[in-house]
1. Other chains near A:40-53: what is the mean number of their Cβ atoms within 10 Å of each residue's Cβ?
2. From the gyration tensor of the Cα coordinates in the protein assembly as shown, what semi-axes in whole Å does the equivalent ellipsoid have, largest first, with each one equal to sqrt(5λ)?
3. Mind checking which aspartates and glutamates have their C-alpha under 15 Å from residue B:42, skipping anything on the same chain fewer than 8 residues away?
4. Any idea what the dipole of chain A comes to, in debye rounded to 20, about its Cα centre with Lys/Arg Cβ at +1 and Asp/Glu Cβ at -1?
5. With a 1.4 Å probe on protein heavy atoms only, tell me which residues of the range B:32-58 lose at least 50 Å² of accessible surface in the complex relative to the chain by itself.
6. With θ set to phi - 60°, apply the Karplus curve 6.51 cos²θ - 1.76 cosθ + 1.60 along the range B:44-55 and write out the HN-Hα couplings as whole Hz, x wherever there is a Gly or Pro.
7. Under a 5 Å amide H to amide H cut-off, with H placed in plane at 1.01 Å, what residues pair with residue B:9 once short-range neighbours are removed?
8. What is the mean number of Cβ atoms from other protein chains located within 10 Å of the Cβ atom of each residue in peptide A:101-110, rounded to a whole number?
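The values are calculated or read from the model by the stated rules, or taken from the named source; none is laboratory data. Please read all numbers here as calculations on a predicted model, not as lab measurements. Neighbour counts are summed over all protein chains in view; Cβ atoms, including those assigned to glycine, are modelled from backbone coordinates with ideal geometry. Remember, those area values only see protein heavy atoms, side chains included, never the ligands or the DNA or RNA. Shrake-Rupley method; radii C 1.70, N 1.55, O 1.52, S 1.80 Å.
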Amino acid sequence: DSGVTQTPKHLITATGQRVTLRCSPRSGDLSVYWYQQSLDQGLQFLIQYYNGEERAKGNILERFSAQQFPDLHSELNLSSLELGDSALYFCASSVSVNYGYTFGSGTRLTVV
Amino acid sequence: QKEVEQDPGPLSVPEGAIVSLNCTYSNSAFQYFMWYRQYSRKGPELLMYTYSSGNKEDGRFTAQVDKSSKYISLFIRDSQPSDSATYLCALLRGDSGGGADGLTFGKGTHLIIQP
């Protein structure tokens, strides 16, 4: 157990729907990162939050959004889902931006 | 040219062999270098972290960074079947307040250690 908890582990939904992925960072970590992993693109950085504030954005689509709550857990919202959004979504946390990240076990999203 | 290049493999070697995994990068803004191991359907696990040119050793693993050549390597000595996994290099920029763009990953090398 890495200390980073992601729920749900698996999610199957239809095109056009909206889902929410949840992440609890490792105790003491203030930074949360979201990554998407697909076979052809590898691990792609989506967005980072630090202590409740958005810190950096990567290749995140406008249909996707995220937030970090006062208790530091984070949610990634994916809307108007398309088949191409099927992927593994990882959350990671770190104590500081210059440190290595600890990853959760991911949420496997399948859009049908 | 991609920011980080990594041979996807698969790389198959016999048990006990020394494994060499490599990445090249193009942006000199990268100042922090990591190697992650990912087993199938699991999250990446941090193996090595370094921020300077040279070698860093941890058990059977050695990370090597050559900033002048923009080349990083991971060596695995006495490889074991349990080392079979995908190995990803990950780089972090040193500008923009430190890592503000998130880690940039290579696509990973699939390593197979044959018993």
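1. Average per residue, whole number: 3.
2. 29, 20, 16
3. Answer for residue B:42, where 15 Å is the Cα cut-off: A:1, B:83, listed by chain and number.
4. Value, rounded to 20: 120 debye.
5. Hits at the 50 Å² cut-off: B:41, B:44.
6. Calculated HN-Hα couplings, in order: x, 10, 5, 9, 9, 9, 8, 9, 9, 5, x, 10 Hz.
7. Those lying under 5 Å, H to H, from residue B:9 are B:110.
8. 3
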